[in-house]
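Only one structure is covered here, and it is reproduced in the block below.
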Amino acid sequence: MPSGLKGGDSIKLTKRQKEILQIVKENGPITGKQIAEKLSLSRAALRPDLAILTMAGNLEAKPRVGYFLKEDYKLEGRHFTNQLVSEYKAHPIVILQSASVYDAIVQLFLEDVGTLYVVDEQGCLAGVISRKDLLRSALGNRNLNDLPVSVIMTRMPNIIMIRSEDTLLEAAKKMIDYHIDSLPVVREIQDHPRTYLVIGRITKTTITRAYLEMNEQ
Ligand code: ADP
């Protein structure tokens with residue numbers, strides 16, 4: 001190992017060391033054995049390079065998992081895979097299903113949100129109403145004061161939901177898979193299967209903010 005090498009010091013890398021970093025970047029976490037196979041080398045021949053890259057702070061090794069790029073490793077403690085919805089959820093903005101579309105539009109502006117969660121008289125999730133739903137109903141020549149949101153909302157059981165104990169990664173995936181901007185965070189009511197209380201919201205903004213926070217760590 002070059003003398004005086006500390007984590008983070010930059011060293012001049014050999015061609016093979018650069019190849020190793022590229023492999024770990026594309027495939028990490030990856031074991032030493034797998035890296036050796038990709039380079040058609042023996043593990044013994046690879047060992048000095050792995051030791052140098054680890055000492056120099058380019059790579060990080062984790063027992064039973066393999067090698068990561070140090071940057072990825074630093075982020076690993078706060079990564080989408082282990083961040084919970086409960087830590088990031090915002091207050092849900094709800095409206096009664098009997099409220100008018102006009103009221104929903106006003107509430108959307110007052111609360112500065114893109115989606116409202118529609119609840120029934122017991123406070124249980126009945127549907128979701130988004131900007132486009134409201135714009136669509138405003139295009140028809142109907143009186144928006146007389147039109148209840150329950151008529152135009154996307155309704156149960158078609159609502160995509162998330163729970164507090166789920167991960168941010170699952171939330172992000174659902175929003176992408178279903179082409180929606182937000183997810184109600186729900187809790188099933190005991191002894192009432194498939195009946196949910198809305199206890200929060202996760203939006204694409206939540207995910208973007210979490211991403212920034214994790215990179216600032
Ligand atoms: P926007 O209308 O502002 O583009 P979305 O993309 O979230 O907002 O909404 C697109 C459609 O999907 C709307 O009809 C809306 O009612 C519906 N929608 C929004 N969120 C959900 C959800 N969590 N589950 C099911 N449908 C949803």
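The values are calculated or read from the model by the stated rules, or taken from the named source; none is laboratory data. All of these numbers come straight from a predicted model, not from anything done at the bench. For neighbour counting, all protein chains shown are included, and Cβ atoms are generated from backbone atoms with ideal geometry for every residue, glycine included. Areas reflect the complete protein model, heavy atoms only, side chains present, ligands, DNA and RNA absent. Shrake-Rupley method; radii C 1.70, N 1.55, O 1.52, S 1.80 Å.
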Confirm whether Arg163 is of a type in the set (Lys, Arg), out of contact with any Phe, Trp or Tyr (no Cβ under 7 Å at 6 or more places or on another chain) and touching a residue at least 60 places away in the same chain (Cβ under 8 Å).
yes
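Would you mind stating whether Thr154 is away from the ligand (no atom under 11 Å from the Cβ), closer than 25 Å to Leu135 by Cβ and at pLDDT 95 or above? Walk me through how you get there before you give the answer.
Numbers: away from the ligand (no atom under 11 Å from the Cβ): no; closer than 25 Å to Leu135 by Cβ: yes; at pLDDT 95 or above: yes.
Considered against the rule, which asks whether it is away from the ligand (no atom under 11 Å from the Cβ), closer than 25 Å to Leu135 by Cβ and at pLDDT 95 or above, Thr154 comes out as no.
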In the stretch 104-140, what residues are touching a residue at least 12 places away in the same chain (Cβ under 8 Å), open to solvent by 30 Å² or more (accessible area, probe 1.4 Å), farther than 21 Å from Pro157 by Cα and not β-branched (Val, Ile, Thr)?
Gln107, Glu111, Arg136, Ala138
Of the criteria (1) surrounded by 15 or more Cβ atoms within 10 Å (Cβ to Cβ); (2) among the aliphatic types (A, V, I, L, M); (3) within 13 Å of the ligand (Cβ to nearest atom), which one Leu168 fails:
(3)
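Give the stretch 100-145 a look and list any residue that's within 16 Å of the ligand (Cβ to nearest atom) and either touching a Gly at 6+ places or on another chain (Cβ under 7 Å) or among the β-branched types (Val, Ile, Thr) (or both), or say none.
Here is the first cut: in the stretch 100-145, the ones within 16 Å of the ligand (Cβ to nearest atom) are 101, 104-105, 107-109, 111-119, 124-140.
If the condition is that a residue be within 16 Å of the ligand (Cβ to nearest atom) and either touching a Gly at 6+ places or on another chain (Cβ under 7 Å) or among the β-branched types (Val, Ile, Thr) (or both), then Val101, Ile105, Val113, Thr115, Val118, Val119, Val128, Ile129, Ser130, Arg131 are the ones that fit.
Let's see how each residue does on (1) assigned to a helix (DSSP H, G or I); (2) at pLDDT below 95; (3) polar (S, T, N, Q):
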residue: Gly8; (1), (2), (3): no, yes, no
residue: Lys12; (1), (2), (3): no, yes, no
residue: Gln22; (1), (2), (3): yes, yes, yes
residue: Glu26; (1), (2), (3): yes, yes, no
